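Only one structure is covered here, and it is reproduced in the block below.
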Amino acid sequence: MHTFDDKTLDVTHLRDPLDPADAGMDDGRSIGMLGIELHTRRHNRMNGVLHRVDGNANAFRIAVEQSFGNCPQYIQLRDFEFVRDPALPSSSEPIVLDALSPRPRDDRTGRYVLRRVVL
């Protein structure tokens, strides 16, 4: 991942056909990304438009439309290590659900609710 200016982010990464997000990463689609440094609690939200780089299925460019820092209040300071090479696709099959589990459903109204999860 690298950038040449404040409006462009270039990414080269193997596409993972098992990644459910891959289906939404076609040329011209909107994309949002979070960059988080767990050891400093710094993080940034970026919104933009994805553009596939000609001749390379594993590269894309993001035309940045918005980029802003977020409050680190809910990010716990921690160290991390990779359990596999992050450049390689995951060997784990995704878990695909046909509906939300009953857990996020409000029992009083039957509506789905979103909850913030803090690890």
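Coordinate-derived values only; no laboratory data. Note that the structure is a prediction, hence the values are computed from the model and not measured. Note: ideal-geometry Cβ built from the backbone for every residue, glycine included; neighbour counts use all protein chains shown.
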Added length on full extension, which subtracts the Cα-Cα distance from 0.36 nm per residue, Met1 to Arg15: 3.6 nm
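Over the stretch 2-69, consider all pairs of different Cα atoms and compute the Kirkwood hydrodynamic radius from their mean reciprocal separation; express it in Å, one decimal. Intermediate values should be presented prior to the final figure.
Numbers: mean 1/r = 0.0780 Å⁻¹.
This gives a value of 12.8 Å.
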Give a residue-ordered list of calculated ³J(HN,Hα) values for the stretch 11-16 (Karplus: 6.51 cos²θ - 1.76 cosθ + 1.60, θ = phi - 60°; whole Hz; x for Gly, Pro). 10, 10, 7, 4, 6, 10
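If R₀ is 41 angstrom, what is the calculated FRET efficiency for the pair Val53 and Asp79, using the beta carbon separation as r and rounding to 0.05?
0.75
Could you please rank Arg52, Arg29, placing first whichever residue has the fewest other Cβ atoms within 10 Å of its Cβ? Spell out each step's value before the answer.
On the way: Arg52 16, Arg29 13.
Neighbour counts put them in this order, fewest first: Arg29, Arg52.
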Could you please rank Phe68, Phe60, placing first whichever residue has the fewest other Cβ atoms within 10 Å of its Cβ? Phe68, Phe60
J(HN,Hα) series, the stretch 72-84, from Karplus relation 6.51 cos²θ - 1.76 cosθ + 1.60, nearest Hz, glycine and proline x: x, 3, 9, 9, 7, 5, 7, 9, 8, 8, 6, 9, 8
